[in-house]
Every structure is written in C-alpha cells, then in structure tokens.
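No value in this document is a laboratory result; all are computed from the given coordinates. What you are looking at is a predicted structure, and each value in this text was computed from that prediction instead of being measured. In this analysis, Cβ positions are derived from the backbone assuming ideal geometry, glycine residues included, and neighbour counts consider all displayed protein chains.
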Amino acid sequence: MKYKLLIILLLAAVMPCCTISYKLNGAAIDYTVYKTIHVSEFPIRAALVYPPLQQMFENELLDYISRNTRLRTVDGSSDLQLEGEITGYQLTPQAVTENAYASQTRLTITVRLKYIDNRDDKNDLDQSFSAYRDFDASEMLTDVQDELCQQICKELVDLIFNATLGNW
C-alpha cells in the first residue's frame with residue numbers, strides 16, 4: 001500500500017514536467033539565423049488617398065509580427081526587411097440591380113511588398129497583394145471606411161505574413 005502511494009506521488013510530481021507544447025502560428029523562421037527585422041514605411045501611392053490607411057496598415061503589420069514571431073524590430077540593418085507602398089485604393093460598383101444602380105460597392109486595397117532576406121537572397125519577394133470588402137451602396141463610404149480598412153488591413157497582413165515569414 002505504501003509503494004502504491006509513493007508511486008502515485010512520484011508520478012504526480014513528474015507528469016507536469018512531461019508536457020508537449022505546440023504553437024501553430026504559421027511562422028517558419030529559423031531563429032538561430034534570423035533575429036531582426038526592419039519594417040519600412042508604406043506610403044500611399046494610390047490615386048485615391050485615405051490618410052489614416054498608412055498608419056493603420058503599418059501598425060497592423062508590426063503588431064502581427066511581434067505577436068507571431070520572436071524577431072526583434074530594428075531601424076537600419078537587419079536580417080530581414082519589409083518595404084513597399086500602398087498602390088491601390090479603389091471603389092467599384094458591384095451587383096447592379098434591374099434599374100442599373102449598384103446595390104453593392106467594393107473597396108479594394110492593394111499593397112506592393114518587397115521582402116528582402118539579407119541572409120539568403122533566394123527568399124526575396126517582390127509582389128502585390130490585394131484584398132477587398134463589399135458594402136451596401138446605400139451606405140456612405142465615410143460611415144464604413146474605418147471598419148472596412150481595418151478588416152482589409154488584417155487580411156493583407158495575413159497574406160503578406162504567409163508569403164514571407166510564414167513561408168507557405
């Protein structure tokens with residue numbers, strides 16, 4: 001009886017030490033090689049300009065990187081670099097009704113990204129990413145613009161992360 005109690009206590013003490021942990025954030029980074037990243041500004045070069053968009057996109061990108069990687073964000077020379085520009089901010093009519101009016105409007109944002117791997121240039125990437133959201137044409141853009149831009153920025157950052165740091 002004493003041996004059973006001793007074994008149970010021993011197992012209870014050892015079991016918490018034997019846990020397996022998985023982190024499924026999608027990052028495929030070798031942290032022995034890559035320690036720093038530099039994220040440049042993403043100026044707006046689109047025909048239509050929504051001034052808060054630049055800061056909104058940059059903040060979302062930096063927050064996502066800090067939440068999902070152990071990379072340290074630095075100014076100047078780094079192991080990895082993200083730079084680019086917001087090249088598109090477009091409104092297009094969608095779902096035209098029988099009286100030739102659009103019942104939906106689509107807001108599309110396009111970002112051109114240049115990803116530079118200073119350790120291995122075969123990983124470099126120069127690509128454009130686009131995302132959109134539709135909204136009811138009876139709504140004013142000014143009423144839904146902030147929310148739509150926030151949603152689109154989240155999707156763009158996810159696409160960019162998967163194509164670069166996520167290595168999908």
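Our estimate of slack between residue 151 and residue 90, defined as 0.36 nm per intervening residue step minus the Cα-Cα distance, is 20.4 nm.
For a paramagnetic label modelled at 7 Å from the Cα of residue 36 toward its Cβ, which residues of segment 119-147 fall within the zone defined by backbone nitrogen distances under 17 Å? Counting only backbone N, you get 119-120.
Residue separation times 0.36 nm, minus the C-alpha to C-alpha distance between residue 98 and residue 141: what's the value? Please list the in-between numbers first.
Working: separation 43, 0.36 × 43 = 15.48 nm, distance 2.29 nm.
Full extension of this stretch gives 13.2 nm more.
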